[in-house]
Amino acid sequence: MKFDLNCDLGEGEPLARTRALMRRVTSANVACGGHGGDLKTMEACVRLARQHGVRLGAHPGPWSRSDFGRGPVRFAPDEFELLLLHQIGALERVAEANGVRLHHIKLHGALYHASDENEALAKRYVAAVRRFWSQAKIYARAGGRVARVARRAGLVLWEEAFADRSYRDDGTLVPRTEPNALLTEADLVVERVRRLLDEGEVIAASGKHIVVRPQTLCIHSDTPQATQWARVVAKELHRDPGATSGGRDAIRPIRGRA
């Protein structure tokens, strides 16, 4: 199994942390001004991604900074699509100005979960990507609704698993409002990555074994141990030549619309 290592960035973390994480990851999901980020942070992340050869992705989230875009949301499909156009479009323009292509799109927080729970939102999300950003990949929860809808629509999909989050028995994530939602010990993170590499599964909080087949593995920049996790996860992904990410996609100069 080959893994890409992605991280949510430009969400208000110190720039020194952004730089440190860019040196370790292979994909960056950049906040686009919703739950976090602004033009200055988008510009910085795009340039760092180009400098380090990191795949650039858009990370749109709810327009709610007070709860970091992780509180409950209700979106009509039209509202959801307009949010995507605002936020992904903004990052895309910054990327184009710096000669970088948009590689992927990954929803943030409540949008990630709402689209995985609601068929209408999942379909609108996939339809919007197919219409406006057809060359971009979708990063979505392995085995989830968005992944199924995207696959049926013929879009390029990288299914995602999480190195730093606990799972429920149905393959969804333990809500952050519940105890032990985050993995906070290095040995647990290492065990998660090794089990994904060697067995193609994660162990839920209950002890249940869940089969997953991801192409990309996520860590969060707002996790207190984020730089440590990036270091240990990258080391695990390179411990076996057959388990590396297979090299970074080259970031090419823009020739027309990405």
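The values are calculated or read from the model by the stated rules, or taken from the named source; none is laboratory data. What you are looking at is a predicted structure, and each value in this text was computed from that prediction instead of being measured. Heads up, the Cβs are rebuilt from the backbone with ideal geometry, glycines too, and the neighbour counts pull from every protein chain shown. Note: accessible area is taken over every heavy atom of the protein model, side chains too, but ligands, DNA and RNA are not part of it. Shrake-Rupley method; radii C 1.70, N 1.55, O 1.52, S 1.80 Å.
Which of the residues spanning region 64-96 are within 18 Å of the chain's Cα centre (by Cα), in a loop (DSSP other than H, G, I, E, B) and either modelled with pLDDT of 95 or more or crowded, with 22+ Cβ neighbours inside 10 Å (or both)? The answer is Gly69, and nothing else. Scanning region 21-34 turns up no residue that is surrounded by fewer than 19 Cβ atoms within 10 Å (Cβ to Cβ) and hydrophobic (A, V, I, L, M, F, W, C). Taking the numbered list (1) closer than 14 Å to Ala204 by Cα; (2) open to solvent by 10 Å² or more (accessible area, probe 1.4 Å); (3) not basic (Lys, Arg) in turn, Val156 passes all entries but (1).
Summed over region 219-234, residues that are over 14 Å from Arg23 (Cβ atoms) and charged (D, E, K, R) total 1. Determine whether Glu191 is closer than 28 Å to Ala234 by Cβ and either open to solvent by 20 Å² or more (accessible area, probe 1.4 Å) or in contact with a His (Cβ under 7 Å, 6 or more places away or on another chain) (or both). It is true that Glu191 is closer than 28 Å to Ala234 by Cβ and either open to solvent by 20 Å² or more (accessible area, probe 1.4 Å) or in contact with a His (Cβ under 7 Å, 6 or more places away or on another chain) (or both). Flag not set for Gly61, criterion: more than 14 Å from His113 (Cβ to Cβ), at pLDDT 95 or above and either open to solvent by less than 50 Å² (accessible area, probe 1.4 Å) or in a loop (DSSP other than H, G, I, E, B) (or both). With the requirement that a residue be farther than 20 Å from Leu91 by Cβ and assigned to a helix (DSSP H, G or I), what does region 106-126 give you? His113, Ala114, Asp116, Glu117, Glu119, Ala120, Leu121, Ala122, Lys123 - these are the residues of region 106-126 that are farther than 20 Å from Leu91 by Cβ and assigned to a helix (DSSP H, G or I).
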